[in-house]
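What follows is one structure encoded as C-alpha cells, with my remarks underneath.
The values are calculated or read from the model by the stated rules, or taken from the named source; none is laboratory data. Computed from a prediction, not measured in an experiment: that's the story for all the values here. Please note: Cβ atoms are built from the backbone with ideal geometry, for glycine as well, and neighbour counts cover all protein chains shown.
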Amino acid sequence: MGSNIGNRLEHLIQAVRLLHEHAAINVKNVSSVYETEPVGLTEQAKFLNIAVELETSLEATELLSACQFIENKLGRMRKIRWGPRTVDLDILLYNNDQIQLEHLIIPHLRMAERAFVLVPLVEINPELKNPVSGELYRQQPALKEEGIVLWKKVACVEEFLQPN
Ligand code: X6L
Ligand code: MG
Ligand code: MG
C-alpha cells in the first residue's frame, strides 16, 4: 500500500481496517511504515508505504475488486498516471500463483525492482521468493536503493490499528 496525499498514515490505517472488516479477509501481518522517495513521477510528495499479509478465501480477481472498492472509498482519484494518491492497494503475490489477466498480473510487474515494495515485503517475510524465478526477494539488488526511511516501527497488526 502507498499514500502520498493528506494524512498518509490515517489512509493506510483506514485501508487496513477496511480489509480487516471484510468477512472473507484476515489481516495476518503488517510491516513497519516507511517513508519513500517517489518513483516513476518524481515531482510529487513522498510516500508512506507498507506491506500487508492477508489470508483470504477470495479469488485473486475478487481480492482486486475489494482493493479497488477500498481505494474508491478512501477517495482515490485517477487523474495523472503515476500521480499522487490518497491510497493505492496493489496485490504483489497470491500464494505462489502466476496470474496473467489483462487487468491483473501476479507477481506484480517490476515489484522486484522497487525498494519501496521490497523493504516492507521482506520485513514481513524474509523467505519470500519470486514464484516465477525462484529468487529470494531479500537478495534483490534493488533492496539496497536509497530513499527508504523507517518512519514508524510497527510490531503487530493490533498496534497498527490502535495508534495512540
Ligand atoms: C522508469 C519508468 C522507472 C517508470 C520507473 C516506477 C513507474 C514505479 C511507476 C518507473 C516507475 C511506478 C509509488 C511510487 C508510484 C509508491 C513510491 C509506480 C507507480 N507509486 N513511489 N510511485 N511509492 N515511493 O507507492 O510504482 S507510481
Ligand atoms: Mg502501486
Ligand atoms: Mg495500484
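Annotation: of all residues in segment 90-115 being within 11 Å of ligand 2 (Cβ to nearest atom) and part of a loop (DSSP other than H, G, I, E, B), the one that is nearest to the chain's Cα centre (by Cα) is Asp90.
Beta carbons closer than 7 Å, at least 6 apart along the sequence or on distinct chains, pair a first residue in segment 68-82 that is assigned to a loop (DSSP other than H, G, I, E, B) with a second that is aliphatic (A, V, I, L, M) and surrounded by 13 or more Cβ atoms within 10 Å (Cβ to Cβ) for Leu74/Ala15; Leu74/Val87; Arg76/Val87. Scanning segment 61-89 for residues that are under 14 Å from the mean Cα position of the chain (by Cα) and of a type in the set (Lys, Arg) yields one hit, Arg85.
Residue by residue, here is whether (1) under 27 Å from Ala45 (Cβ atoms); (2) among the charged types (D, E, K, R); (3) within 14 Å of ligand 2 (Cβ to nearest atom); (4) outside any helix (DSSP H, G or I) holds:
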| position | (1), (2), (3), (4) |
| --- | --- |
| Val117 | yes, no, yes, no |
| Ser133 | no, no, no, yes |
| Ala142 | yes, no, no, no |
| Val149 | yes, no, no, yes |
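Given the residues Val33, Val52, which is the only one that is under 24 Å from Val132 (Cα atoms), in contact with a Lys or Arg (Cβ under 9 Å, 6 or more places away or on another chain) and β-branched (Val, Ile, Thr)?
Details: Val33 fails: under 24 Å from Val132 (Cα atoms).
Checking each option against the conditions leaves just Val52.
For segment 46-77, which positions are within 16 Å of Ile5 (Cβ to Cβ) and out of contact with any helix residue (DSSP H, G or I) (no Cβ under 9 Å at 6 or more places or on another chain)? Walk me through it before giving the result.
Filtering segment 46-77 down to residues within 16 Å of Ile5 (Cβ to Cβ) leaves 46-50, 70-77.
Listed by number, the residues that qualify are Asn72, Met77.
Which of the numbered conditions does Val132 fail, given that it passes all the others? Conditions: (1) within 13 Å of ligand 3 (Cβ to nearest atom); (2) over 21 Å from Val33 (Cα atoms); (3) of a type in the set (Val, Ile, Thr). Val132 satisfies every listed condition except (1).
Right, Phe160: surrounded by 11 or more Cβ atoms within 10 Å (Cβ to Cβ), modelled with pLDDT of 95 or more and either under 13 Å from the mean Cα position of the chain (by Cα) or part of a strand (DSSP E or B) (or both) or not? Criteria not met by Phe160. Entry remark, segment 64-83: residues being closer than 18 Å to Ala15 by Cβ and either touching a strand residue (DSSP E or B) at 6+ places or on another chain (Cβ under 9 Å) or within 11 Å of ligand 3 (Cβ to nearest atom) (or both) number 8 in total.
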